[in-house]
Every structure is written in structure tokens, then in C-alpha cells.
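No value in this document is a laboratory result; all are computed from the given coordinates. Quantities reported herein were computed from a predicted structural model and do not represent experimental measurements. Every residue, glycine as well, gets a Cβ built from its backbone with ideal geometry; the counts of neighbours run over all protein chains shown.
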Amino acid sequence: MAAIIGFVNRVWNLNYPPEPTKKDGAIRIGLLGASGIAPSAVIQPAKSHPEVIIAAVAARDVKKAEAYAKKHGIPIVHKSYQDLIDDPAIDAIYIGLPNGLHYEWALKSLKAGKHVLLEKPSVSNAAEANSLFRHELLKQPNAPVLLEAFHPLFTPAWHLYLSLLDPPNIAWAHAVLPVPSILLGYDDIRYAYNLAGGALMDCGTYCALFLRKMFGTEPVECIEATPTLPPEPWDQKCDQVMLAKWRFPNGGIGSIDANLSNPVLKSKLPWCQAIHKEKVVQDESLSEGKEHVVIRTIVGNMVIQPVVWHRVDIKEQHTIRTIADKKVLKTWTTTDYKKAYTWEEFDGKKLGEDWWISYRWMLEEFVNKIKGRQGSGAWMSHEDSIHQMEMIDSGYVKASMAIRPSHTFQ
Ligand SMILES: NC(=O)C1=CN([C@@H]2O[C@H](COP(=O)(O)OP(=O)(O)OC[C@H]3O[C@@H](n4cnc5c(N)ncnc54)[C@H](OP(=O)(O)O)[C@@H]3O)[C@@H](O)[C@H]2O)C=CC1
Ligand SMILES: O=C1OC[C@@H](O)[C@H](O)[C@H]1O
């Protein structure tokens, strides 16, 4: 019963969040593009944040921007992206543009002294990531905050998941992110190579991130990458599905299944799993010549948007066997489940609300960073964003596909 009440409360508050009065010094965010994702990623989360105001929007077509502003209660409409960036009343820019435009507009925003919340994947390739995230501008005192908007990293559920892993002893990790095909037409930005589209760039970037975080380090090499292309005449430089594998420094393998055309009726949830190497455990009850070994598997169900529901499964496969010839004498499995809708449930920190969506947790930390506060400690560092693009590039190289093109803006 408590679980049902919790679920209903979370869903209600998520959709109808309390809207506290905005504080003096609230961060005024401007949106670049009247994008599909901004309402979920920043407009709605900002409502419950007392220190965030969605103050302005700009679109390529001003009429579109006006309609968007009216719909979402945004007070200022700018005639162009550049006008919005140049507005002195704006403190921070949310970039929900196609991937191929992230580099240019992030750099322009930083040059105008604005903080930047930059949609994932941060840029088109590792060269752009290197140039953006190691830019001189970011090394200055009081440099603006630049954050790649990798929202799952900010949730307590994800940190609970990581806390159950033993990274050096992971043998195999797997991450799956299926996007229902019904959501995307072939005119979608995800199917445009020139805009840095592709399954590996889009849903694959989450899978790659999960593997990097699960192993706690960078992959050594991509050992397999098999793309499926969309049907002709659609852009044949864009992968519709990418299955890929990387080898990590401990010898473990990380694999991904990134799919932009998942059949709706076979809908799967975002999912990840880490299978650990076999481990001998202390067992006083055993007679001489026998050993007790355990293989631990940690499954994360719904790790991308855990607010509505999620579950971390801890499965242990136990075996009693002879040491000499490994003859199996007995096997059994145990399963335990854990959840963490708040940090308090996970590590006792009294931060946030159980109904916060991953974007709201992320917005909290973006503001904390701008204000110089400690926060939860969850963050995506600049070096992290660079390594992330290196891993994506390595997948395209292994698949014999072109790395997404760099933008010419300097
Ligand atoms: N964090 C998350 O959960 C999600 C993140 N994303 C990321 O957000 C970004 C935007 O995705 P999404 O909102 O789904 O995309 P949309 O197509 O809905 O929005 C993209 C915006 O980019 C602008 N734009 C500028 N130039 C172009 C161009 N040449 N072609 C097409 N659009 C252009 C358009 O703005 P204008 O209004 O000016 O015309 C449009 O509103 C991507 O980087 C994507 O990976 C997407 C979905 C979920
Ligand atoms: O969260 C997401 O799921 C669907 C994707 O297409 C999108 O770009 C991504 O951010």
C-alpha cells in the first residue's frame, strides 16, 4: 500500500509541482531553440526551483518562438539565438539544439559570459569536446559553469546502483536504451549526419556513459561495433541501431544496445547490468577441500528516469564445489531489491524530494555550482565529457562509419 501511495504522490508532484516564489538572485535561463525536450528538461523542473526563472526563448522563426513562449509562460522572446545570448538580463543558456550545433552555440554563450547547460551528447566528436571543454575561457577565475546535461547521473537511484558495484571485478557490463520507433520520423534530427545524428550519438551515449561509470574508468578499445542503417533513401551515414563492445582495463567487456527503432509493442525499459567475476567467499561451514563461490549480478531497471519507478536487483549465484576438480556440489541463487527515490534513502543526505525527475536533480546541481555550493556531489566534469566523446568516436571508427563532422566555428 505504501508503495502505491508513494507512486501516486510522485507522479502527481512531478506533473503538478509546487511552485515556490522565486528568490532574489534567481538564475535567469534563456532557451536556444523552441525544442521538443526543453519543456521536460528545464521548463517544468524550473517551476519548483526557487532560484531558476525561464526568462527567454529564441527560435529560428520568431513566430514559433512567440507561440512557444505563450504556451510555456516565458516572458521574453528574442529574434535570434545571438540576440538571446547577448541579452544582459540572461545569466545562463540552455542548449537544446541538434547535436551538431552544440559546439558553436556553447562556445558563443561562454564567450558572452553565460553559464551553459548543454544537452547530451555535448558535441559532435572528441576533437570538438577537447576544444570546448579545455577552452582557455574555462580556465579563467570565475569562469562560467558549463555542464553536459547527463541527467541520470544526478539521481540517487543511479548512485545507489553504482554503490553496489565492485568495478575492478566486473566481467561483463551491458546497457540497453531502446527508443520506440513511433517517436521518431526519418526527418528527425537523430537521422541527420550533418547535425551529428545517429543511434550511438543519441541513446548510445547514455549506454556508453553507463559503462564508463560502471567500470569507473575509460575503455581500452572498441572491439566490435555493428550498426544497422535506416532504410533507403534516409541518411545512410546515420546508424539506426548500434550494437557495440568495448574492452576495459581490467579485461572486462562492456556492451551496448542502442536502438532508435524499437517496436512499440516490444517496448523494453532502459536497463543496465553488471556481472562480476566469480569470487571465493569465507564459509566456515565447509569441510576441507571445498569452496564457496559467488557471482554477483547487479541490474538497474529504469535507471534513466527512475522517478516514476525503478528497481536495483542484486542477484547472487552461489556454488559449493570441490577445490581440486571444481566439481559442483550445490548451487542456489538469492535476489534482493533496492530503491532510492531520495539521497536520504541511499546515504542519509537530506536533499531534494522523492518526486524530483532526473532533470530536476540536475538543475539543482547546476544552480549549486553557479552559486558555489557543495550540493550532492553529483556532477559531469569537463574531462568526463571529453572521454565520453572519445568512446563514441571509437564506436564509429570500429563500425567503419564516419565520425560526426566538426563545426567550423572557432
Ligand atoms: N536529456 C534528454 O532526455 C533529451 C535530450 N535531447 C537532446 O536535446 C537536443 C534536442 O533534441 P530535441 O528537443 O528532441 O529536438 P527538436 O528537434 O525537438 O529540437 C531541436 C531544436 O533545434 C533547433 N534547430 C536549429 N537548427 C536546426 C536545424 N538545422 N535542424 C533542426 N532543428 C534545428 C530547432 O529550433 P528552432 O525552434 O529554433 O527552430 C529545434 O527546436 C539534442 O541534442 C538531443 O540529443 C533530446 C531528447 C531528450
Ligand atoms: O532520453 C532520451 O531518450 C530518447 C532519445 O531519443 C533522446 O534523445 C534521449 O535523450
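Please determine, in degrees from 0 to 90 and to the nearest 10, the orientation of helix 382-398 with respect to the longest principal axis defined by the Cα atoms of the chain, where the helix direction is its Cα long axis.
That works out to roughly 70 degrees.
Taking neighbour counts of Cβ atoms within 10 Å as a proxy for exposure, in what order, fewest first, do 118, 243, 329 appear? Don't skip to the answer; put the middle values down first.
On the way: 118 28, 243 20, 329 12.
Lowest count first: 329, 243, 118.
So how do 23, 139 line up by other beta-carbon neighbours within 10 Å, fewest first?
Details: 23 11, 139 8.
Fewest to most other Cβ atoms nearby, the residues stand as 139, 23.
Quick one: Kirkwood hydrodynamic radius for segment 153-379, alpha-carbon pairs, angstrom, one decimal? Don't skip to the answer; put the middle values down first.
Numbers: mean 1/r = 0.0508 Å⁻¹.
Here the Kirkwood hydrodynamic radius works out to 19.7 Å.
Measure nothing but the geometry: give the 0 to 90° angle between the long axis through the Cα atoms of 62-72 and the longest principal axis through the Cα atoms of the chain, rounded to 10°.
Roughly 60 degrees between the two axes.
Tell me, what ³J(HN,Hα) does each residue in segment 276-290 have, in order and in whole Hz, if you take phi through Karplus 6.51 cos²θ - 1.76 cosθ + 1.60 with θ = phi - 60° and put x for Gly and Pro?
7, 5, 4, 10, 7, 10, 5, 9, 5, 6, 7, 7, 4, x, 10
How much mean residue ellipticity at 222 nm does the chain get from its helices, if each DSSP H run of length 4 or more adds -39500 (n - 2.57) and you divide by all residues, to the nearest 500 deg cm²/dmol? Intermediate values should be presented prior to the final figure.
Numbers: 11 runs with 109 residues, N = 410.
Helix contribution divided over all residues of the chain: -8000 deg cm²/dmol.
How large is the Kirkwood hydrodynamic radius of segment 177-289, in angstrom, based on all distinct alpha carbon pairs? Write down the numbers at each step before the final one.
Working: mean 1/r = 0.0628 Å⁻¹.
It works out to 15.9 Å.
So what is the diffusion coefficient of segment 1-106 in µm² per second by Stokes-Einstein at 10 °C and 1.306 mPa s, using a Kirkwood Rh over Cα pairs? Could you put the intermediate results ahead of the total?
Numbers: Rh = 14.8 Å.
Reported coefficient: 108 µm²/s.
Sorted by average packing, counted as other Cβ atoms within 10 angstrom per residue and highest first, what order do 84-93, 194-203 take?
Numbers: 84-93: 19.0, 194-203: 25.9.
Ranking the peptides 84-93, 194-203 by packing returns 194-203, 84-93.
Only four residue types carry charge here, +1 at the Cβ of Lys and Arg and -1 at the Cβ of Asp and Glu. Report the dipole size of the chain about the Cα centre in Debye, rounded to the nearest 20. Working shown, then result.
Values: 45 positive and 45 negative charges, 94 e Å.
Here the size comes out at about 440 debye.
Using only Cα atoms and rounding to the nearest 10 degrees, what angle (0 to 90) does helix 358-370 make with the longest principal axis of the chain?
60 degrees
Amide H to amide H under 5 Å from residue 223: which residues, 5+ apart in sequence or cross-chain, H placed 1.01 Å off N in plane?
245, 246, 247
May I have the convex hull volume per residue, in Å³, for the Cα set of the chain?
Once divided by residue count, the hull of the chain is 173 Å³.
Considering only Cα-Cα distances, which of the following residue pairs are longer than 19 Å: 70/111; 279/338; 23/371; 22/79; 114/369?
On the way: 70/111 29 Å; 279/338 22 Å; 23/371 13 Å; 22/79 26 Å; 114/369 13 Å.
Flagged as over cut-off: 70/111; 279/338; 22/79.
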